[in-house]
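The values are calculated or read from the model by the stated rules, or taken from the named source; none is laboratory data. Since we're looking at a predicted model, the values are computed, not measured. Quick reminder, even Gly has a Cβ in these numbers, built from the backbone with ideal geometry, and neighbours come from all protein chains shown.
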Amino acid sequence: MQLKVTPLPIFLQTASKAEAATAVANLGYCIKNNAAANIFNRDLDGRNYGVSKILKVYLFDYDAVEQLTDVKIRTNLGRLEGEEDIPDWFFEDGVVFLPEEVEAGLRIEDRSLRNHFREHHSDLLKTSYWEGIQNSLRDGRVPRISTYAEERRLVR
């Protein structure tokens, strides 16, 4: 049996504001859950994700999947404005990921939805988050995953 999902960009075109906001928040949880499972989609494009009937978001295009622990996390944030030289990471072998480009890569056109994503998942835009997940995985610790919306979680 295969789960039926609607590609995220198509879903966002027809969804209510509340449904779209939920899907965008769940997109962040999908990315985090995949990272916790050592799955990294190097093509973080919104078109590679689908939304189910219950507004869960799933990665459905596995062409660009890597083990997160094999990915090199880098940044351009420390570079000076107008700095013209090529950053050192440009010449590194393997997959290089710049977390500050997540938001642009997801191609969420609606500004309020981009802001909503950032409000819920600003950590995805920071190298410290990704390096922390990598370190946990390398140390044999399983990072926490989110399977239920905040309001549906059991209180401990």
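Points to keep in mind about this one:
- Any chance N33 is within 13 Å of the chain's Cα centre (by Cα), in contact (Cβ under 8 Å) with a residue 60 or more places away in the chain and more than 17 Å from S122 (Cα to Cα): no
- Residues being crowded, with 17+ Cβ neighbours inside 10 Å, among the β-branched types (V, I, T) and either at pLDDT below 70 or not in a helix (DSSP H, G or I) (or both) are represented in segment 103-119 by at least one member.
- Among all residues of segment 135-151, there is none that is on the phi > 0 side of the Ramachandran plot, under 14 Å from the mean Cα position of the chain (by Cα) and not in a helix (DSSP H, G or I).
- Listed by first and then second residue, the pairs with beta-carbon distance under 6 Å, at least 6 apart or on different chains, first residue in segment 101-125 and without any contact (Cβ under 8 Å) to a residue 40 or more places away in the chain, second of a type in the set (S, T, Y) and part of a helix (DSSP H, G or I), are D123/Y129.
- Scanning segment 13-52 for residues that are closer than 16 Å to L68 by Cβ, surrounded by fewer than 19 Cβ atoms within 10 Å (Cβ to Cβ) and of a type in the set (A, V, I, L, M) gives A36, A37, I39.
- Scoring L77 on the criteria (1) surrounded by 12 or more Cβ atoms within 10 Å (Cβ to Cβ); (2) free of Cβ contacts under 8 Å to residues at least 60 places away in the same chain; (3) of a type in the set (A, V, I, L, M, F, W, C) leaves a single failure, condition (1).
- Selection from segment 1-30 of residues that are more than 18 Å from D61 (Cβ to Cβ), over 13 Å from the mean Cα position of the chain (by Cα) and not basic (K, R): M1, Q13, T14, A15, S16, A18, E19, A20, A21, T22
- Summed over segment 132-156, the residues that are out of contact with any helix residue (DSSP H, G or I) (no Cβ under 8 Å at 6 or more places or on another chain) and modelled with pLDDT under 85 give a count of 8.
- Residue check for A23: under 16 Å from S112 (Cα atoms) and among the small types (G, A, S): yes
- In segment 36-51, residue modelled with the highest pLDDT [restricted to those that are under 23 Å from S136 (Cα atoms) and among the polar types (S, T, N, Q)]: N38
- Criterion: within 20 Å of I133 (Cα to Cα) and not β-branched (V, I, T) - qualifying residue of D61, D70, D45: D70
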